[in-house]
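Here's the structure, in structure tokens; my notes come after.
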Amino acid sequence: MDYFISGTVPAPIEFNQNSYGLYLLGEYGESSAIGFKSGINDFKKGTLSISVQIEFYADRDGDGIWVARGRQVSFFEFENPGLLKRGPTKKAISILKECTDLAQAYCYANFSFEGSRNKLPMMPSIVQPFIETEKAIMDFLAKHNELKKK
Amino acid sequence: MIDYPQFSIVNADNLSFDIDHSVLDRVKRKEFGRYVGISVLSRFEGFDKGLLPIVTNIKLVGLIGENQFEAVDSFYVSIFQFSDQRSILLGVNEDSVRILQKCHQLAQAHAYSIFSLLCKENGVPQSGMELTPEENSVEGIEEFLEQIALPAE
């Protein structure tokens, strides 16, 4: 394999003190949603770190109001770091998309599990479409492109 | 194609987490040296009404020679929902294999994440994880796709 998953670390769930209580009392509408934000942090000594934030929104008269937020940092170790240092090759893009998908899955699972302990409902999620992570991936590959520097 | 619009993820949860404290103590005393690691195995649990559940077993094991000692034995479930069921009901093809490989990989990721949290809460040392090489997962996937395939018209 191209990389080894060295670990994934969650931060404690943050609750919006104003909306969490009201949500549990059933003061908001039926519909709720989750959203992801992912970032590729850095790549040092062959270790790639990806952070993901997940937010749970309740519906207040048509507006989304955040109720809970989870954050997770995941680490991927590359035996051959050069794989990610040759610009936007097909291989590098597909590896980074896979790592981002995994980092999101770690974040989602932890948030669902911790959320259910705190009476949040299970929320459906999707694998984020490539277009939503494309910019982060392309910026990362441009920044770490060693072929260009020479 | 690296997108997966065919399914959504509707659940990821822990089913059980059992610790054998005598083995865990031996892990902590480093009796197994570097021969400590996790084994991750997933199984498809059928396909009904558009729902695909995958159960994953994660064990933390220490090895001495050929003997395996289990410090933790734990199970997890992930459920995937398909809006267009035909994407995996038409038997073995490039797309259906690719989609189930992704579900398999995500189920293992969900399990690993909850496993890591439960280890932390229970004073069990953290472990890294290798992805299952694709060629190893394909055989089980092809067999499963044949089982659930709609009869040919």
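Evaluate the stretch B:13-29: report whether one residue or more is facing chain A (nearest Cβ under 10 Å) and either surrounded by 14 or more Cβ atoms within 10 Å (Cβ to Cβ) or among the charged types (D, E, K, R) (or both). Within the stretch B:13-29, one or more residues are facing chain A (nearest Cβ under 10 Å) and either surrounded by 14 or more Cβ atoms within 10 Å (Cβ to Cβ) or among the charged types (D, E, K, R) (or both). Just the residues that are within 9 Å of chain B (Cβ to nearest Cβ) and surrounded by fewer than 24 Cβ atoms within 10 Å (Cβ to Cβ), please, taken from the stretch A:102-119. Residues satisfying the conditions are A:F113, A:E114, A:S116. A single entry from A:I65, A:I50 fulfils the requirement of being among the hydrophobic types (A, V, I, L, M, F, W, C) and away from chain B (no Cβ under 14 Å): A:I65.
All of A:E79, A:E134 fail the test of being free of Cβ contacts under 8 Å to residues at least 40 places away in the same chain, more than 7 Å from chain B (Cβ to nearest Cβ) and either more than 21 Å from A:A58 (Cα to Cα) or within 12 Å of the chain's Cα centre (by Cα) (or both), apart from A:E134.
Of the strands (runs of 3 or more DSSP E) lying entirely inside the stretch B:1-104, the ones with 3 or more residues being among the aromatic types (F, W, Y) are found at B:67-82. Annotation: of all residues in the stretch B:126-151 being surrounded by 12 or more Cβ atoms within 10 Å (Cβ to Cβ) and of a type in the set (S, T, N, Q), the one that is nearest to the other protein chains (Cβ to nearest Cβ) is B:Q126. Residues of the stretch A:59-92 that are surrounded by fewer than 19 Cβ atoms within 10 Å (Cβ to Cβ) and among the aliphatic types (A, V, I, L, M): A:I65, A:V73, A:L83. Inside the stretch A:25-41, can you point out the residues that are in a strand (DSSP E or B) and either out of contact with any strand residue (DSSP E or B) (no Cβ under 6 Å at 6 or more places or on another chain) or farther than 30 Å from A:Y3 by Cβ (or both)? A:S32, A:A33, listed by residue number.
The set of residues in the stretch B:45-74 being of a type in the set (V, I, T) and exposed (fewer than 14 other Cβ atoms within 10 Å of the Cβ) consists of B:I64 alone.
Given the criteria within 20 Å of the chain's Cα centre (by Cα) and at pLDDT below 95, does B:G46 qualify? Answer is yes for this residue.
The values are calculated or read from the model by the stated rules, or taken from the named source; none is laboratory data. What you are looking at is a predicted structure, and each value in this text was computed from that prediction instead of being measured. Note that we place each Cβ from the backbone using ideal geometry, even for glycine, and neighbour counts take in every protein chain shown.
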